[in-house]
Amino acid sequence: MRILSIETSCDETAGAVIKGVSPTQPVKVLSSVVASSEEMHKKTGGIVPEIAAREQLKCIIPVVRAAVQSVKSKAQNIDAIAVAVGPGLVGSLLVGVETARSLAYAWEKPIIPVNHLVAHLYANFVGESSKLKTQRAKQQVKSQNIPEFPAIGLVVSGGHTDLVVMEGHPSTSSGQVAIKLLGRTRDDAAGECFDKCARILGLPYPGGPAIAAEAAKRKAKSEKRKIKLPRPLMQESIYDFSFSGLKTAVARIKIDNKTELAYEIQEAIVEVLVERVMRAVEEFRPKSVLLGGGVAANSRLRESLSAKLKRQSAKLFIPEPELCTDNAVVIGAAAYYNYRPTPWQKIRVNPGWEINAPI
Ligand code: KG4
Ligand code: ZN
């Protein structure tokens, strides 16, 4: 089955064609195109919804065309169209959703509505990209694994920090939802905290990669840490997160060592995220742990979680960095394992769609 997928929740306009072969195998990426209005948001230090929506309008047709043409795919070879209908910015979402509806009408194809947050976790159900495969071919490619359920999932993006338990694929044709929300942020998301702290430090948008790069300049890893930031809610036996206090603490510090401060911000965020995941692993004994969302591209988080899970039976899945940030491949993957064809007339944007809520 070939699915053309579209993603326009925020500031990325993305199109992809994926191929699903069997529910027990990862999906294959046939094409993936991502256009970002990040450069424009750098000037404003964050996303301006109106600007993001206008950029979506400019990019959507070229992006979808490129995704389809690069696999020399004709409309007849596409079995369905998947689109992220929420959560996200309403103006941005509308661009992708209306494009998907128009294509579905013209080509007479079903649409599969996808939750953007759930899709971030489905990055772990995508087979290696051809680029990686060529590199690994020389080193004997391992057999490709697919996550098993139950799974603990952590979505860490610019707008969300959600920790969930998945008993299976969430949305089957019977409409069953098998995602249980354990905890979420009470205020700022982890990515938002990176972005806001970066702004305080005078670093560019998006803040996550900028803080990571600044932190990497720190020389001696063994150097005694001079700055100590709070680890919000860390000592409490709950699964919720809170990051706004961390940002306030950063705003109150006199910045005389930017590198040291960037390092400590990254440590504080990563420690809290890892502690919560490990607690969920102890309690639920899952077969898999799935990471997803832009912050999952963070090397320190990846290293730290891998090290902590080494002695556990749960297998850790972390997507390739380009599948952590917004893209359409993950939308197609989520649609393949949760195949719920819907006529275009019934598709609506759902800007506030929560990770554990039915459509
Ligand atoms: O998932 P995503 O691309 O978009 C949303 O759905 O929000 O996530 C974007 C967020 C931004 O806050 C960005 O600063 C953060 O992901 N991010 C990172 C890294 N790359 C992106 N945070 C920490 N380290 C990174 N390497
Ligand atoms: Zn996202």
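The values are calculated or read from the model by the stated rules, or taken from the named source; none is laboratory data. Owing to the predicted nature of the structure, the values given are computational and were not obtained by experimental measurement. FYI the Cβ positions are ideal-geometry reconstructions off the backbone, even for glycines, and counts take in every protein chain you see. To get the accessible areas, we keep the full protein, side chains included, count just its heavy atoms, and leave off ligands, DNA and RNA. Shrake-Rupley method; radii C 1.70, N 1.55, O 1.52, S 1.80 Å.
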Any residue in the range 148-165 that's within 14 Å of ligand 1 (Cβ to nearest atom): show its pairings with residues that are assigned to a loop (DSSP other than H, G, I, E, B) at Cβ separation under 6 Å, as long as the two are six or more apart or on different chains.
-> Val155/Gly293; Val156/Gly293; Ser157/Gly293; Gly159/Ala189; His160/Ala189; Thr161/Ala189; Asp162/Ile355
Here are some residues: Ser22, Ser70, Ser31. Which one is within 20 Å of His116 (Cα to Cα) and of a type in the set (S, T, N, Q)?
-> Ser31
Helices (runs of 4 or more DSSP H) wholly in the range 178-259 with at least 3 residues that are of a type in the set (D, E, K, R) and within 21 Å of Gly294 (Cα to Cα) - which ones?
-> 190-201
Under 9 Å between Cβ atoms, at least 6 apart or on separate chains: pull out the pairs that start in the range 288-299 with a residue that is touching a residue at least 12 places away in the same chain (Cβ under 8 Å) and open to solvent by less than 10 Å² (accessible area, probe 1.4 Å) and end on any residue that is more than 10 Å from ligand 2 (Cβ to nearest atom) and among the charged types (D, E, K, R).
-> Ser288/Glu148; Ser288/Lys315; Val289/Lys315; Leu291/Arg302; Gly293/Asp162; Ala296/Arg302
Out of Val277, Val281, Val272, Val330, which single residue is under 15 Å from the mean Cα position of the chain (by Cα) and open to solvent by less than 10 Å² (accessible area, probe 1.4 Å)?
-> Val330
Being surrounded by 14 or more Cβ atoms within 10 Å (Cβ to Cβ), aromatic (Phe, Trp, Tyr) and under 25 Å from Gly183 (Cβ atoms), is that true of even one residue in the range 341-348?
-> no
In the range 292-318, anything under 14 Å from Glu275 (Cβ atoms) and within 16 Å of ligand 2 (Cβ to nearest atom) is listed as Leu301
Of all the strands (runs of 3 or more DSSP E) wholly in the range 2-81, which have at least 1 residues that are within 16 Å of ligand 1 (Cβ to nearest atom) and open to solvent by less than 10 Å² (accessible area, probe 1.4 Å)?
-> 2-7, 12-19
Residues of the range 82-108 that turn out to be in contact with a Phe, Trp or Tyr (Cβ under 7 Å, 6 or more places away or on another chain) and either assigned to a loop (DSSP other than H, G, I, E, B) or open to solvent by 20 Å² or more (accessible area, probe 1.4 Å) (or both), as a count | 3
How many residues does the range 327-359 contain that are out of contact with any Phe, Trp or Tyr (no Cβ under 9 Å at 6 or more places or on another chain) and among the hydroxyl-bearing types (Ser, Thr, Tyr)?
-> 2
Find all pairs meeting these conditions: Cβ atoms under 6 angstrom apart; at least six residues apart or on different chains; first residue within the range 247-268 and without any contact (Cβ under 8 Å) to a residue 40 or more places away in the chain; second residue surrounded by fewer than 18 Cβ atoms within 10 Å (Cβ to Cβ) and of a type in the set (D, E, K, R).
-> Ala268/Arg231
Has the range 311-322 got at least one residue that is assigned to a loop (DSSP other than H, G, I, E, B), within 16 Å of ligand 1 (Cβ to nearest atom) and touching a Pro at 6+ places or on another chain (Cβ under 8 Å)?
-> no
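This table checks each residue for (1) modelled with pLDDT of 95 or more; (2) of a type outside the set (Asp, Glu); (3) on the phi > 0 side of the Ramachandran plot; (4) open to solvent by 30 Å² or more (accessible area, probe 1.4 Å).
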| position | (1), (2), (3), (4) |
| --- | --- |
| Val126 | yes, yes, no, no |
| Leu132 | no, yes, no, yes |
| Phe149 | yes, yes, no, yes |
| Met166 | yes, yes, no, no |
| Ser171 | no, yes, no, no |
| Leu181 | yes, yes, no, yes |
| Arg186 | yes, yes, no, yes |
